[in-house]
1. Give the percent of DSSP beta bridges with both residues in the chain that are antiparallel, rounded to the nearest 5.
2. Using alpha carbons only, how many angstrom separate the centre of segment 64-100 from the centre of segment 1-49?
3. Tell me, what ³J(HN,Hα) does each residue in segment 70-80 have, in order and in whole Hz, if you take phi through Karplus 6.51 cos²θ - 1.76 cosθ + 1.60 with θ = phi - 60° and put x for Gly and Pro?
4. Quick check on the exposure proxy: order Glu147, Glu101 from fewest to most C-beta atoms within 10 angstrom.
5. With +1 on each Lys and Arg Cβ and -1 on each Asp and Glu Cβ, how big is the dipole of the chain about its Cα centre, in debye rounded to the nearest 20?
6. Principal axis lengths of the chain from Cα atoms, whole Å, largest first?
7. Can you pull the one-decimal nm distance between simple spin-label points at Val139 and Ala58, each 7 Å off the Cα toward Cβ?
Amino acid sequence: MKAVIQRVSDASCTVGGQVTGSIGRGLLIYFCAEDGDRKEILEPFLAKISSLRIFRDADDKMNLSLADTGGSILLISQFTLAADIRRGRRPSFDRAMRAEEARSFYEEAAGILRKMGFHVETGIFGADMRIAYANDGPVTIIADSRELGLSDQASGCV
């Protein structure tokens, strides 16, 4: 699984001229499930992301988490995070999970974040979305479950 996490002062998603999700201060999370990902790693992956201390405290230090600030999440499905650009000029998306399974991961991810107590807005899976946001900082972080050791842990690999 991969995610691009952006600290935002506001963000919204529009599909076909209609706003599908809009937040104030919080996180804009672009989310991608890849072939081989397992649902067992969803919760620890999302817990790691949502607990990152990337919001400013009273001393202007990045020391607060999303929960500490009461911020919201705009969760956007983003299969292009699985792009392989090693060969040629056209990215390969072979690593991306197939649509129906990826949709299930995305919907479950939104549900898990809501169960964690966050207000979550979403885009529409597979739609042509327009995302507008003000990146606060700017702060942008890339998370990969494989780099966090979550994928190996879930599959029992060492």
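All of the numbers you see were taken from the coordinates with simple rules; none came from a lab. Since the model is a prediction, treat every value here as computed from it, not as a measurement. Quick reminder, even Gly has a Cβ in these numbers, built from the backbone with ideal geometry, and neighbours come from all protein chains shown.
1. Here the share of antiparallel DSSP bridges comes out near 75 percent.
2. 8
3. x, x, 10, 10, 10, 9, 10, 6, 8, 4, 5
4. Ordered from fewest to most neighbouring Cβ atoms within 10 Å, Glu147, Glu101 come out as Glu147, Glu101.
5. Rounded to the nearest 20 debye, it is 320 debye.
6. Each principal axis gives a Cα extent; for the chain these are 44, 43, 32 Å.
7. 1.8
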